[in-house]
Amino acid sequence: MGSISRRNRERIIILQFIIPSLIIIGIFILFPISRAITMAFQEWILTSASPDHPFIGFDNFKEIFDLTHFGKMMTNTFVYTAFSVAGKMFLGLAVALLLNRKFFGRAFVRGLMLIPWAMPTVVVTNVFRIALDPNYGLFNTLLSSLPLIDGPIQFFSNGSLALFTLVCIGIWKNFPFVALMILAALQSVPQDYYDAASIDGAGAIAQFKQITWPLIKPIWNTLMVLQILWTVKEFELIYLITQGGPNNGTNIIGIDIYLNAFRFYKVGAANAEGVLLLLFCLVFAVIYFRSMHKKGEFV
């Protein structure tokens, strides 16, 4: 009897820790997600006088797929995500490798590197909007002084150039986080490995391929998944600079969700896009993590 009561006490203690977490997850995660999925299959138009929201099946999804700019929006989302993530990952790796070496003022440079990531997005967007302004922007002034540049460049007036510019701004803003995480992984690699490799005659490239990369690859994989999931639903940076323009040239799915919900008041269609984005993130994360676990590349 004593062992049974002790087991019950342990179960009660465990439940005391688990139940508050489950309540918080249910209220702030599961309920909003389930509510959004429900609204995606209902007629939710805020300009409608009807207080009812009848079930309309997949009509909201059909409306999304029938949008004239749907193809362009999905292309922009893919291009922005692919190039932004690639830029952040490789620039972060290069900076981390550089800051992992000993040199004078390394601590100061490490702190300086974090400034773009620590800056609020609204500050970053205002700085770049002013710097790239065709009339009085400092960056445009410097470019105009070059012999091959004829006149100011309209960075945000051309769709393709605007998207490329936003990709560069996003990379500059977020690569320090990647660099910081990879730098932490690099510093956990024992120096003895490199000393032994040097004795065996291995150069810097061979040491990176045989020692550094295998040991930091789990962190790299996790960071890449996180960056893809964060970047594919980017909103703040793009909206504050171009609001999806010009002519949907920088419109990605995160911007379109906002516009449908708060400019056109089509809440049902906005939730349908949100469900599509949620499905993509879930499917991508499951497939990627399962493939990496099979290869043994996740810790």
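For the range 161-196, how many residues meet the condition of being more than 21 Å from Leu99 (Cα to Cα) and among the aliphatic types (A, V, I, L, M)?
7
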Any idea which of (1) farther than 30 Å from Gln191 by Cα; (2) touching a helix residue (DSSP H, G or I) at 6+ places or on another chain (Cβ under 6 Å) is the one Gly92 doesn't satisfy?
(1)
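Quick grid of which residues meet (1) surrounded by fewer than 11 Cβ atoms within 10 Å (Cβ to Cβ); (2) more than 17 Å from Tyr258 (Cα to Cα):
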{"site": "Ile27", "(1), (2)": "yes, yes"}
{"site": "Ser48", "(1), (2)": "no, yes"}
{"site": "Gly71", "(1), (2)": "yes, yes"}
{"site": "Met74", "(1), (2)": "no, no"}
By residue number, the members of the range 177-205 that are over 32 Å from the mean Cα position of the chain (by Cα) and within 30 Å of Leu226 (Cβ to Cβ) are Gln191, Tyr193, Tyr194
Could you please find all residues in the range 110-130 being exposed (fewer than 13 other Cβ atoms within 10 Å of the Cβ) and more than 15 Å from Glu236 (Cβ to Cβ)?
Gly111, Leu112, Ile115, Ala118, Ile130
Could you tell me whether the range 236-246 includes any residue that is surrounded by 14 or more Cβ atoms within 10 Å (Cβ to Cβ), touching a strand residue (DSSP E or B) at 6+ places or on another chain (Cβ under 8 Å) and not small (Gly, Ala, Ser)?
no
Looking at the structure I just gave you, is Val123 among the β-branched types (Val, Ile, Thr), at pLDDT 90 or above and under 30 Å from Pro190 (Cα atoms)?
no
Candidate set from the range 149-171 (those that are of a type in the set (Gly, Ala, Ser) and closer than 17 Å to Ser84 by Cα); member that is modelled with the lowest pLDDT
Gly159
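From Phe65, Phe70, Phe55, grab the single residue that is at negative phi, touching a helix residue (DSSP H, G or I) at 6+ places or on another chain (Cβ under 8 Å) and free of Cβ contacts under 8 Å to residues at least 60 places away in the same chain.
Phe70
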The condition from (1) in a helix (DSSP H, G or I); (2) in contact with a helix residue (DSSP H, G or I) (Cβ under 6 Å, 6 or more places away or on another chain); (3) at pLDDT below 95 that Val189 misses is numbered (1)
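If you take the residues of the range 131-163 that are in contact (Cβ under 8 Å) with a residue 24 or more places away in the chain and surrounded by fewer than 19 Cβ atoms within 10 Å (Cβ to Cβ), which of them is nearest to Asn248 (Cα to Cα)?
Applying the first criterion (in contact (Cβ under 8 Å) with a residue 24 or more places away in the chain) to the range 131-163 yields 132, 156-160, 162-163.
In the following step, the residues that additionally are surrounded by fewer than 19 Cβ atoms within 10 Å (Cβ to Cβ) were identified as 157-160.
On the way: Ser157: 11, Asn158: 10, Gly159: 7, Ser160: 10 Å.
The residue in question is Gly159.
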Consider Trp230 against the criteria (1) within 30 Å of Val127 (Cβ to Cβ); (2) of a type in the set (A, V, I, L, M, F, W, C); (3) in contact with a helix residue (DSSP H, G or I) (Cβ under 7 Å, 6 or more places away or on another chain): it satisfies all of them except one. Which criterion is unmet?
(3)
Inside the range 114-143, can you point out the residues that are touching a helix residue (DSSP H, G or I) at 6+ places or on another chain (Cβ under 7 Å) and not β-branched (Val, Ile, Thr)?
Leu114, Pro116, Trp117, Phe128, Arg129, Ala131, Leu132, Asp133, Pro134, Gly137, Leu138, Phe139
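The values are calculated or read from the model by the stated rules, or taken from the named source; none is laboratory data. If you're wondering where the values come from, they're calculated on a predicted model, not measured in any experiment. Note that we place each Cβ from the backbone using ideal geometry, even for glycine, and neighbour counts take in every protein chain shown.
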